[in-house]
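Beneath this line is the structure, given in C-alpha cells, with notes to follow.
Values quoted throughout were computed directly from the atomic coordinates according to the rules given, and no laboratory measurement underlies them. Predicted, not measured: the structure shown is a model, and the values here were computed from it. With ideal geometry, Cβ positions are generated from the backbone for all residues, glycine too; neighbour counts draw on all protein chains shown.
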C-alpha cells in the first residue's frame, strides 16, 4: 500500500481537482500544434481548404455536435448527482451511450469520406491530414472517456456525498473533450457552406 | 536506541523496489536509470571527441558519426538532463523539504518511472536497429522525407518519455500546492522547491507541444502528407517554431533545478542566509515565464522574418536579466559568510563560474548580427555545454554529494569528492573553452571532418574530454564504494537548516516521525561560527 | 593559423566591432565577478578573522541596480546588433549583383547572371555589392562563409536571400552550416574574391552556357508563354517592360512587379491577377525548375 | 436548472453557428464561427466544469493554459505576419 500523503478526503479531492486541471492545460497544449498547423494551412491555402471541406457531411457533423453537448449535460448531471449522494448510473449510462453514438457516426463519416480523400491533391491533402489527425485524436480521447465513464458506472455504488472526486475529475475530462470538438466542428464542417 | 526501519531497509528484494510507491525509492530507481543513460550518452561523446582529434574522418564513417551525435543529443537531453534533478532529487527531496509524507500521487509517481523506462527501451531499440541520424532536432524535411534511419522509433521513445516528464511535473506541482507542512508559506519555501515548482510548470506547458510536433513528423513520414511539406503548401519552418517552443524552455527545465541546488548549497557552506531571497524566487518564476518567449532566437538565419528575429532577440536579452540577478545574489551570499570548501561547495562555486561564462556568451547569440556568424558553429556547442554540462551536470553532481548522506545514510570520502570537483572543473574548461574559439573562427557544428587549421583547438578539446571522463568516473567509483564502506552519516552532517535534515539519515519510510511545523524562513544560518 | 578570423566583407568589420566590444564588456563583467568571488572566498573563509557583523540579508537598491543596469546595457546591445543584422537583408537593392545558389545534398550549385555555372565554388568581384538568392532541391542547407560573417538557410519551397560586399581578395571557406545528412561536413568549397577586371574575364571565359536571359527567352517560347503574352488573341497582359512597373490588381491592390511577383505569377498565377484580365493562366508549378525560373525572370527583367 | 439552461444556450449557439455559415459574410463567417465556439467553450467551462464556483487556483490554472497557447500562436505569428515569401519549386523526392 502506498503512503497516503493526505490528512483528509477533502484535501485529497482538492489535489485531484488541481491535478486534473493541470492535466487539461497540458492536453490543451498537446492539441496546440495541430490547431496552429490548421491556422497556418488555412491562411496559406484558403481555397484548397474550402474545396476540401465541402464534401464533409455537415448534417452528421451538426448532429454529432448536438450529441456531444448533450452528453456534457448528462455528465454534469451525473457529477451533481454524485455530489448530492443520488443515484448516478442512469446519467453515466446516457453519457457513455451518447459518446458511443458520436463515435459510430464519426466512423461512418470516415467511411464515406475515404473516396473524397482519394481524389484530393495539393493542400487539400493537408486539410484531410489535419481532419483525420485532429478528429482521430479527439475520438481517441472520447474513447478513453467512455472507458472511464464505464468504470465509474461499475463502481457507482462507492460514490456519494462523502467521496465523489473520481466522478468530478472524470467530468472535467469529459467536458474538455467536448470543448475540443466545439472548435473542430466549425473548422472542418462550416467553411463557406454557402458555396457548397 | 530504538532502531527505526528506514526506507532502504524496508525490503531488500528486487520486487520490493520495482513495486514501491515510496518517493525516495522511486528517486533511487530514477538515479540508476539515468546513470545508465548518462554513460551511454557519454560513450557517444567519447567517440565524437576521438573522431574530432584529427581533421580527417578516419575513425568512424560519416553516417556513424551523424548517428553518434544524434544519440548523444537525444540520450543526454531527454534521458539524462531533463529527468536528472527533477526526477531524482526533486522526487527525493520535494516531500522531505516541505514536510510531507510522500508525493501527492505515489502510484502515478511509480508509473512515471515505468513510462520513462519504456521510452528508454524504444530509444535503445532504435539504436540496436541501426540508429538514427537526424540530430536531436529532427528538422524537417530531412527527418520526414530524406533519412532512411529509425526516426519513428526514436520519436516514439521521446514521445513516451515526455509523458514521464509531464507526470513528474504534475506530481510536483500538486505536492507543492497541497502538501506543505503547517507554517510553510510560499515565501518560506527553500529555493530548491521554487526551482522545481517552476520547472514542473515548464514540463507541463512545453512538453505536450513537443510530443504533438514529433507525432506530426512521424505521421508525415508514415503517410507522406503533412503540414511541414512545402509541396503541399506547408512550411518546414513551422516545425522549427513548434520544436523550439518546447526546446528552448527545455533548457530552463535543465538549468532551473540546478540553480535551486546552488541556492541550497551556497548558503549552507557560507553559513549565512541567501542574499535577496525574494528576488531569487521571483527570478526563478521570471526565467520560467520569459523562457517561453524567446524560442525564435534559434531561427535568426532560418528564413524567419527579419522583424520576428528582432522581437525574439529583444526578448532573449530580457531573459538574461533574472539569470544575472541570480549570479549576483549568489556572489553576494558569500559576503560576510564563513565559508567551508567542502566538495558540494566546490561544485556550487564551479557551477556559478561556468554558468556565468555560459550565460554571458548567450548574450552573443542573442545579438542578431553576431548570431548570424555564430549560430550552428562550435560557439553554440560551447555555449549550451557551459549551461547544460557546466551548469546542470555540475550541480547534479554537487547535489548528489550534498544529499548523499541523506539518500544513502553514508558519507562519501571528502578528499576524493574535492579532487573530482576540481578535475571536472578543469576538464570541462579544457574541453569546451576551445570550442568558443573554434566557433568564432568558423567551424560549423555536426562536422565529421573539418579544415586542418582547426586541429590544434580540437586536440585541446579532445584532451579535455579525457580529463572530463576521469572526473565522471571518479564519483561513480567512490560513491559506489561509500555505499558499503562509507562512514555512517548523522541526520544533519552539514548543520543545514532544511526540513530534510531534521529526520534521520536515511529517512524512515514515512519521512518524519511526527509532522514537522515550520516557524521561520529558510536559510536561518547563524552568522558566525 | 591566425587567431583572429579574416574580415573579407563590409559586414564582417561591423560584426567584428560588435563582437570585440562584447568580448571586452562581458570579459570585464566576468573577471570582475570572479575576482569578487575569490576575494570573498579568501576573506570570509571559515576561521578567518574578517568582520562578519550584520551580514545583509538583502539590499534593495543594490538588487534593483543590478537588475536595471544590465537591462539598459542589454537593450543597447540589442539595438546595435539589430541595426547590423538589418544590413544583411534590407540593404540598398540598387546596384547589387544577383547570384543564384542552389543547395543539393551535398553540393552548392551556383549560377551567375550571364549563365556561367560553377559547383562548390563562388567567384565574386571585389567591392561589388552582391545579393545571393538561395534555394534548395532537397533538405534545408545553410550557406556559410565565415570570412564574410554571413550565413543564410536555404529553405525548401522558397527563396531566401542575403547581401554583402566582398572587400578583400583571396580564397575563403564555404560551408554548409545546417545539418543535411551523410556528407554534411563535405558540403562546401571555396569563395574566390578577385579584382573586378579579372572577375569579368573569368565570367566570360569558359562560359559554355548562353546568357540566362537568352535561356529565358527560349523557355518563354517553348513553354508557350509567348503564345498568349505576345500579340495574341488570348487576352493576356503584354510583358514588355513589366519589371519594376506598378501593377493594379483585380481586387484593388497595387504592387510593384519585382522578382518575387514575377515568380509568384508563374507559379501561382491566380493569386495576384492583374485588373482587367481573366484568371485563365495555368500554374507552371512543377514544370519549371528553379534554374529555369531564374532564367525566365531574368529574361522578363531585360525584355524592355 | 442551470445545467439545462446551459445546454439550451449551447444548442442555440450551435444552430446559430451552423446557420451563419450559409450566409456569405466574407471573413466574418470565420470570425462568427470562432466567436461562437469560444462562447460555447466558456459556457462549458464556467457551468459544466464549475469554474464559476472554483477557487482562484483552478481559475489561474485554466487561464494559464490559454495564455501559453496564445504565446505559441501570437509569437509564431510575428514571423508569419511579417515574412515575405517568394515561393520556389520544390519537389518531393519520393513523388
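Grab the DSSP H runs of the protein assembly as shown that are 4 residues or longer, score each as -39,500 (n - 2.57), total them, divide by all residues and round the 222 nm result to the nearest 500 deg cm²/dmol. Roughly -20500 deg cm²/dmol at 222 nm, from the helical runs in the protein assembly as shown. Measuring nothing but how far apart in sequence close Cα pairs (under 8 Å, 6+ apart) lie, relative to its length, chain B scores a relative contact order of 18 percent.
With angles folded into 0 to 90 degrees, how steeply does helix B:236-270 sit against the dominant principal axis of chain B? Use alpha carbons for both and round to 10. Tilt of helix B:236-270: around 30 degrees.
Centroid-to-centroid, using Cα positions, region B:298-376 and region C:122-193 are 30 Å apart. Treating r as the C-beta distance of residue D:57 and residue C:222 and R0 as 56 Å, the FRET efficiency rounds to 0.20. Could you give the nm distance between label points at residue C:36 and residue C:4, where each point is 7 Å from its Cα heading toward the beta carbon? Result: 3.0 nm between the two label points.
Going from the residue with the fewest nearby Cβ atoms within 10 Å to the one with the most, B:23, A:164 rank A:164, B:23. For chain B, take the longest principal axis of its alpha carbons; what is the angle in degrees between that and the long axis of helix B:343-366, to the nearest 10 within 0 to 90? Compared with the principal axis, the helix lies near 30 degrees. Region B:461-509 and region B:384-433 have Cα centres spaced 10 Å apart. Going by the alpha-carbon gyration tensor, a ≥ b ≥ c the square roots of its eigenvalues, is region C:220-302 rounded (a/c under 1.5) or, if a/c is not under 1.5, prolate (a/b greater than b/c) versus oblate? Rounded is the answer for region C:220-302, as its axis ratio a/c remains below 1.5.
Classified by the C-alpha gyration tensor, the protein assembly as shown has an oblate form. Its axis ratio a/c, with a ≥ b ≥ c, is 1.5 or above, and a/b does not exceed b/c. FRET efficiency for the residue C:69 to residue D:38 pair, using the beta carbon distance and R₀ = 35 Å, is estimated at 0.20. The long axis of helix B:277-290 is offset from the longest Cα principal axis of chain B by roughly 30 degrees. A crude spin-label estimate for the pair residue D:19 and residue C:303, with each label 7 Å from Cα along the Cβ direction, gives 5.5 nm. Label positions at residue B:456 and residue B:515, each projected 7 Å from the Cα along the C-beta direction, are separated by 6.8 nm.
The fewest-to-most ranking of A:67, B:59, C:174 by surrounding Cβ atoms within 10 Å reads B:59, A:67, C:174. FRET efficiency for the residue C:23 to residue C:171 pair, using the beta carbon distance and R₀ = 41 Å, is estimated at 0.90. Ordering B:306, B:415, D:1, A:20 from the fewest to the most neighbouring beta carbons within 10 Å gives D:1, B:415, B:306, A:20.
Report, in whole Å, the centroid distance computed from the Cα atoms of region A:62-91 and region C:50-69. Using only Cα atoms, the two centres lie 59 Å from each other. Determine the shape class of chain C: with a ≥ b ≥ c the square roots of the Cα gyration tensor eigenvalues, call it rounded for a/c under 1.5, and otherwise prolate if a/b is greater than b/c, oblate otherwise. Here chain C falls in the prolate category.
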